[in-house]
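The values are calculated or read from the model by the stated rules, or taken from the named source; none is laboratory data. None of the values given here were measured: they were computed from a predicted structure. Here Cβ is always computed from backbone atoms with ideal geometry, including for glycine, and neighbour counts include all displayed protein chains. These area figures cover heavy atoms from the full protein model, side chains too; ligands, DNA and RNA do not enter into them. Shrake-Rupley method; radii C 1.70, N 1.55, O 1.52, S 1.80 Å.
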Amino acid sequence: MTNTSNALNTQTNNTITIARPDDWHVHLRDGKVLKDTVTDISRYVGRAIVMPNLVPPVTNAALAKSYYERIMAQAPSAHFKPLMTLYLTDNTSTEDIIAAKESGLVYAAKLYPAGATTNSSSGVTNVDKLSDVFAAMQSVEMPLLVHGEVTTADIDIFDREQVFIDTILAPLVAKYPNLKIVLEHITTKNAVDFVIAAGDNIGATITAHHLLYNRNHMLVGGIRPHYYCLPILKRNIHQQALRAAATSGNKKFFLGTDSAPHVQQAKETACGCAGVYSSFAAIELYAEVFEQENALDKLEAFASINGATFYQLPVSTDKITLVKKSWQVPATMNFGDDVVVPVRASEDILWTVEA
Ligand SMILES: NC(=O)N[C@@H](CC(=O)O)C(=O)O
Ligand SMILES: [Zn+2]
Ligand SMILES: [Zn+2]
């Protein structure tokens with residue numbers, strides 16, 4: 001099959017060539033494990049929006065710069081570029097936003113409602129405290145990335161995203177009509193519907209695991225901690241809505257793995273951490289979903305075009321090729337002095353990226 005100048009992807013039944021994908025939401029962690037996460041992600045991913053939920057969090061341009069330098073010190077592949085993010089707290093100032101923008105390294109700021117997820121204890125307790133910060137972000141055109149879950153004890157964990165959209169996100173979108181917002185790792189039909197109905201300034205990332213799995217995978221026949229992530233896997237109708245959105249080609253939806261490794265002991269315990277490690281095989285996992293939905297022709301839009309367009313960055317001119325060839329994921333993977341149990345551990349992944 002020949003490529004035409006305006007159709008970027010080339011496809012047969014068993015291979016597909018697309019522009020180099022980016023990952024618009026990933027956790028690379030820090031310290032000894034950085035070598036492992038950076039090696040895995042930089043195998044073929046171009047740009048990655050790097051989450052700032054370290055301990056302590058990445059709250060200003062200076063911290064973002066030193067984290068950037070620690071990532072680059074791992075000697076990632078030449079095509080890899082980390083795009084840094086700022087962690088918003090109750091104390092973030094408009095000066096922090098301006099300095100971050102001027103650094104040229106920070107591409108977005110992340111809103112973690114305090115207590116919502118891993119390392120979010122320094123997060124924002126009340127978005128009203130950040131009015132000036134959001135106004136500054138709107139004026140310097142810095143996207144706001146949102147972990148969209150409320151944290152109040154009276155709200156059921158399966159409803160946290162929907163309640164966040166209704167009570168916090170919708171008013172925020174109304175108050176800052178030009179602020180670019182990415183609702184990260186969406187998990188519900190409510191989120192899909194909200195994003196579709198909103199203006200072009202509102203987008204969403206979708207993880208591979210929320211496309212491949214629903215809460216039955218986590219809970220039927222025994223509790224499986226390696227499926228536990230936040231926002232938590234929802235029921236099948238939500239999974240179907242996510243699959244429809246991702247494979248639709250709609251420019252508002254783009255690839256964000258939310259790959260979030262935790263050591264094996266921290267997952268396989270009485271109170272296990274939230275997070276799924278997936279970035280070692282991101283595009284291969286998404287390709288399974290797109291093939292199942294008969295939408296391999298939309299994979300490039302989701303993985304390589306829509307996110308770049310949202311962030312006003314050029315689409316990569318490099319290409320990668322996926323081949324329909326299965327391989328077995330190891331039971332564990334190196335993670336500093338420890339190991340992580342990756343998504344699909346000891347099972348097959350159906351696609352392979354050609355070296
Ligand atoms: N997604 C997760 O379950 N965990 C993430 C945090 C996050 O993205 O919310 C982590 O940092 O471990
Ligand atoms: Zn999150
Ligand atoms: Zn995340």
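Data overview
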read-out: Close pairs from region 252-274: first free of Cβ contacts under 8 Å to residues at least 60 places away in the same chain, partner within 14 Å of ligand 2 (Cβ to nearest atom) and open to solvent by 10 Å² or more (accessible area, probe 1.4 Å), Cβ under 7 Å, at least 6 apart; value: 266/273; 272/228
read-out: Filtered residues of region 279-300 (kept if of a type outside the set (A, V, I, L, M) and in a helix (DSSP H, G or I)); value: 279, 280, 284, 286, 288, 290, 291, 292, 297, 298, 300
read-out: Output for region 317-329, where each listed residue is open to solvent by 60 Å² or more (accessible area, probe 1.4 Å) and over 16 Å from residue 303 (Cβ atoms); value: 324, 325, 326, 327, 328
read-out: When residues of region 80-117 are limited to those that are part of a loop (DSSP other than H, G, I, E, B), more than 13 Å from residue 184 (Cβ to Cβ) and polar (S, T, N, Q), the one farthest from ligand 1 (Cβ to nearest atom); value: 93
read-out: Any hit, region 305-328, residues being under 23 Å from residue 229 (Cα atoms) and under 19 Å from the mean Cα position of the chain (by Cα); value: yes
read-out: From 232, 223, residue being within 16 Å of ligand 3 (Cβ to nearest atom) and surrounded by fewer than 23 Cβ atoms within 10 Å (Cβ to Cβ); value: 232
read-out: Residue in region 52-65 that is in a helix (DSSP H, G or I), within 21 Å of residue 308 (Cβ to Cβ) and modelled with pLDDT of 95 or more present; value: yes
read-out: Cβ-Cβ under 7 Å pairs, at least 6 apart or on other chains, region 134-162 side over 16 Å from residue 184 (Cα atoms), far side open to solvent by 10 Å² or more (accessible area, probe 1.4 Å) and assigned to a helix (DSSP H, G or I); value: 136/94; 136/98; 140/98; 140/101; 155/163
read-out: Filter result for the condition that a residue is open to solvent by less than 70 Å² (accessible area, probe 1.4 Å), touching a strand residue (DSSP E or B) at 6+ places or on another chain (Cβ under 9 Å) and at pLDDT below 95, over 83, 8; value: 8
read-out: Within region 16-51, considering residues that are farther than 19 Å from residue 286 by Cβ and assigned to a helix (DSSP H, G or I), the one nearest to ligand 1 (Cβ to nearest atom); value: 33
read-out: Spans of strands (runs of 3 or more DSSP E) in region 171-269 with at least 3 residues within 16 Å of ligand 2 (Cβ to nearest atom); value: 181-183, 202-206
read-out: Filtered residues of region 251-272 (kept if farther than 20 Å from residue 146 by Cα and open to solvent by less than 50 Å² (accessible area, probe 1.4 Å)); value: 262, 263, 266, 267, 272
read-out: Within region 173-185, considering residues that are open to solvent by 10 Å² or more (accessible area, probe 1.4 Å) and touching a residue at least 24 places away in the same chain (Cβ under 8 Å), the one nearest to ligand 1 (Cβ to nearest atom); value: 180
